[in-house]
Structure formats: C-alpha cells, structure tokens
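Each remark here refers to the structure printed beneath this line.
The values are calculated or read from the model by the stated rules, or taken from the named source; none is laboratory data. All values reported here derive from a predicted model rather than from experimental measurement. So basically every Cβ, Gly included, is an ideal-geometry build from the backbone, and we count neighbours across all protein chains shown.
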Amino acid sequence: MRWNMNSLFRRLYREQEGQAIFLVTACLFVLIGAAALSIDIGFLLHAQRELQASTDAAATAAAVDLSNNTSAATAESDANLYSGMSGGKNYSADQPGVQAASGFPAVACLTVCSEGQTTGCVPGATLLPTCDNLAGGNAIAVQYTVQAPTFFGKIFGISTVKLTASAFALEKGSTPIPANIVLVIDTTNSMGQSDPLCTVSGISSPTREDCAKGGVRILLQELSPCGPTGCGSLSGSNVNNPYDVVSILIFPGLTGTSYYPDDYDCQTPTLSISNGISKYAPPGTQPPYASVVGFSSDYKTSDSATSLNGASSDLVKAVDWADGNSCTSSAYGLQNPGGAHTYYAGVLTEAQSDLTNIGTIGTSNRTNIENAIILLSDGAANATWCSPCSEGQQMDFTASTPSSYGQSDCQQAVTVGQNDAKAGTYVYAVAYGSSNQTSLCATDNSTPISPCTTMQDIASSPNSIPDPSLFYADAGSVANGCKSTANPNYTSLSQIFQAIGYTFLSTRLLPFSLYVPPS
C-alpha cells in the first residue's frame, strides 16, 4: 500500500499535463490589470482634453472682452462663465467639480519681445494691442483643475487624479479676419481747419483732413492685404486672394469720375465748389460720385510689410505722401475744397450698396465675408433744400432733389446707418470734433438731435443697434462733451484707427509659458 501511494505521488510530480491552466490564470490577472489601467488612462486622457477645450474657450472669451475695453473684473468673470465650472457655458455633467486655480484668471500686459526676452512678450510680433484700456492688459491667463475619478485605480487606493489645464490668450490683434471695408471720409470745408490736438508725422500744423488721412494710414498698416503665405501677383489693385479689401468714399461727392485722381495723387488746384464738387442728390443718383478709390488690397506688398505701398497703390496715395509716393506733405491725397453743409445719408447708402454688390475679387468670393463701414465726421448734417432760396441762402441739393432730403438730415443719417447694420454690416462711427449742440443739426428742429448723438446712434452692428462698442470720439469731441463710454481711452485718431484695426483681427491663444505671474 505504501508502495502504491509513493508511486502515485511520483507520477503526479512528474506529470506535465494542465500546466497551461496555471499560466493562463496568472496571465489573466495581468491582462485584466492592464485593461483596467488602459480604461483609466483613456478616461483621464479624454477628461484632460475636455478640460483643455473648456479652458481654451474661457481664455478666448475673456480675450474678446479685453478687445471690447471691458474691466479686468468683467474679463475674469466671463472667463469663468465660459469655463467648465459648475454653471459655466462649457460645463460637462461627466466632469463635475472644475475649479479655477489660485491666482487665475489673471490679466497680463504683453509687449513685443526685445532681444533675449522670452517671457512676458510675444515672439515674432511687430505690433501688439495696447494695454491702455480699462483692464490694463492685452492678454489673459486662465488655469482650471478637476479631480477626475478612476474606475479600477480604486483597487490600488487611487480614487481620483488631479487634472490641470492652462490657457493664455491675446486680445484681438493677432490673426487676420478677411473683411470688406468702406471708409467714408468727410471732406467738407471744415476739414481744412487746423487741429491743435492732433499730431501727424512730418506735418507741423496739420489740418483736420491731414489728421483723418493719418488715421486711415495707421488703419491700413493694421490690416492684412493677404494671408501669411504671401500676396502673389497683382491684378489691377488687388492680389489674387485678398484678405482685407478697402475702398474710400467721400462727401461731398464729385461731378465726374475724371476728378478721382485729384483725390489720390499729388494735389492739384482743380477741385472747388465751381469745379469738380457736386451738389447732393437722392441716394443712388450720380452725380455725385463718391467712390474715389474702389476696393483694393494693394496697400501693402505682404501681410508682414511694415510700410505701405505708396509707389503704386491709389488707396495709399489718397492718405499718404511717403512710402514710395512722389508727393509732399503739403500736397497729397484727399482734398477738402469746400462745401460748407453736409448730407451723408446718401454716401452711407452707397457704401452699403457697394458692399452688397461686391461679388468676387481676384479668386475670392467676397459675398460671405464680414462687411464694415467706417464713418469719420463731425456729425453735423445740415445741407439745405430751398425753393425759392432767400438772399444769401445756399441750396446744397440739386434742383430735382425732393424737399424731404433737406429735412431731418441727421436723423436720416442715423436711419441709413442702422439699416446698413440690419443688412449685416458693422458700422463704425468716429466722431471728429463733434458737439452736443442740437443747433448744429439745423434741419432736425422738429426732433432735436445733436451731432454727437447722431454719430453715437449711427454706430451699429448686426448684433446691437446702436452698438456703443463701435463708437469712438476724439479729444476734440470729448472737449465738447461728446464721449465714448465703451472706448474712453482712445481719443486721438491714431489710437482710434489702431483700435478699429484690431477689431479686424481675431484673438490668439499663446503658449502658456509666455505668462509671467505678478510678483
């Protein structure tokens, strides 16, 4: 019996059948553990991407606020509003408990990087939005955290993993947004007056017209004629695939298109009340001819060019004597030969018509691109219609113009500007020396309105009619009691046009490593 038992144990000991069962069982534990780990890692990676997406959205929304000259508190509040926090617009039920990290959101002021500088600046930039705004900064940093749960990590005592996402966004002033832009410039007699509050490089005593042209020149420097890959060859006054195309309309208009060169080349003494300047007429009637320069993208030779293409661009010649132009600072560009009274409802109507019928330029279909009108004027629309006219009274309209066009001229301009916004156009209004005196809207006696209010109400967007963020007032207007509540820190035409230029650029996410926490 003992021999039989020993024999059995020896056989079992030497038997190799069934060993795979033990190996599979051991490997199964390993495989299950690896699968569990993969599930947790996959979930955490998804959660991290979700947190980063909501964090990027928060930074971008706050950067838009900075672009609109809001306070730091408002920008920071909106960052949280668009985050993944509870109650935020990007809150996700599968990721509860998102919190802002200590010290965030935080507004920062970035500069152009100097040699050797690597933080607190933007590498490769030549121009950045100013920090001279209500927030005191042009960028915002955000950081959010969440305790993401695990599924199988609990087996090893790891129930949650802390995830962190950071984002840093620069306000508008970075990536170009293609746009069709019509500049409507006042060239009436008052624009020939000097402006002691304005400075224009190269001109010791600039006129208001000089200052207006100087502002437009800064705007052109901000805009993008094409994408960063290059403008390519020109066809007429446009590149093959333009980004921002710009045209200039003036008021009063001209009696014929043959006078256009006098407004975009070296000045000649041809334009005057008796020679070239047309009386006002109902919208759509020609004369007057107002479109001095049609839609153009030849104002710079590349997106990164720091100087304008004055050698060949009629658009540049209309506002500049330098950058390859052969004109001088005393004889160049847009003239202001006369016309004491103003009626600009007609030119605003023409501006919208030009945008509506723009069609294709180069290889770019412009019909689905952002449209904008930028009006610069003192806002005193007071052209008169009279029949018969009394002694010394001037009729500013043609004899065939209906008498209604000489009534409520300022309100007519407001109505047209707001209708342009209803058609999908962003209408900017730059009040230049505007007043709060209702007497300066002389034909609006039945419903008194001031030039300042006129310009404020003209400023409108498809989203808001009127839109205070599109209204700007220069220092002369401010001195007259006409202020912009949305843009109070931009009071020189150079600042105003630079700020407007930034609105045609989008916000930009920057590497978070550029952020320097306050000391």
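Summary table
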| quantity | calculated |
| --- | --- |
| Residue in region 274-281 that is modelled with pLDDT of 90 or more and over 30 Å from residue 407 (Cβ atoms) present | no |
| Among residues of region 184-210, those that are of a type in the set (S, T, N, Q) and in a helix (DSSP H, G or I), counted | 2 |
| Filter pass, residue 393 being over 30 Å from residue 307 (Cα atoms), over 28 Å from the mean Cα position of the chain (by Cα), surrounded by fewer than 19 Cβ atoms within 10 Å (Cβ to Cβ) and in contact (Cβ under 8 Å) with a residue 24 or more places away in the chain | no |
| Residue match in region 117-133 (condition: in contact (Cβ under 8 Å) with a residue 40 or more places away in the chain, in a helix (DSSP H, G or I) and acidic (Asp, Glu)) | no |
| Residue match in region 314-322 (condition: in a loop (DSSP other than H, G, I, E, B) and either touching an Asp or Glu at 6+ places or on another chain (Cβ under 7 Å) or of a type in the set (Asp, Glu) (or both)) | yes |
| Subset of region 153-183 [modelled with pLDDT under 85 and either at positive phi or part of a loop (DSSP other than H, G, I, E, B) (or both)] | 157, 158, 173, 177 |
| Residue 380 vs. criteria in a helix (DSSP H, G or I), buried (at least 24 other Cβ atoms within 10 Å of the Cβ) and among the small types (Gly, Ala, Ser) | no |
| Cross-chain or 6+ apart pairs with Cβ under 9 Å, region 53-70 first and under 15 Å from residue 512 (Cβ atoms), then in a helix (DSSP H, G or I) and charged (D, E, K, R) | 58/78; 62/76; 62/78 |
| Single residue of region 476-492 satisfying the filter (out of contact with any Gly (no Cβ under 9 Å at 6 or more places or on another chain) and not polar (S, T, N, Q)) that is farthest from residue 452 (Cα to Cα) | 490 |
| Of the criteria (1) out of contact with any Gly (no Cβ under 8 Å at 6 or more places or on another chain); (2) surrounded by 15 or more Cβ atoms within 10 Å (Cβ to Cβ); (3) of a type outside the set (Val, Ile, Thr), which one residue 103 fails | (2) |
| Qualifying positions in region 458-471 - over 12 Å from residue 418 (Cα atoms), more than 14 Å from the chain's Cα centre (by Cα) and in a strand (DSSP E or B) | none |
| Region 129-152, residues that are closer than 28 Å to residue 495 by Cβ, at pLDDT below 90 and surrounded by fewer than 20 Cβ atoms within 10 Å (Cβ to Cβ) | 130, 131, 132, 134 |
| Test result for residue 163, in contact (Cβ under 8 Å) with a residue 12 or more places away in the chain and touching a Ser or Thr at 6+ places or on another chain (Cβ under 7 Å) | yes |
| Looking only at region 429-460, and only at residues there that are at pLDDT 95 or above and aliphatic (A, V, I, L, M), the one that is surrounded by the fewest Cβ atoms within 10 Å (Cβ to Cβ) | 449 |
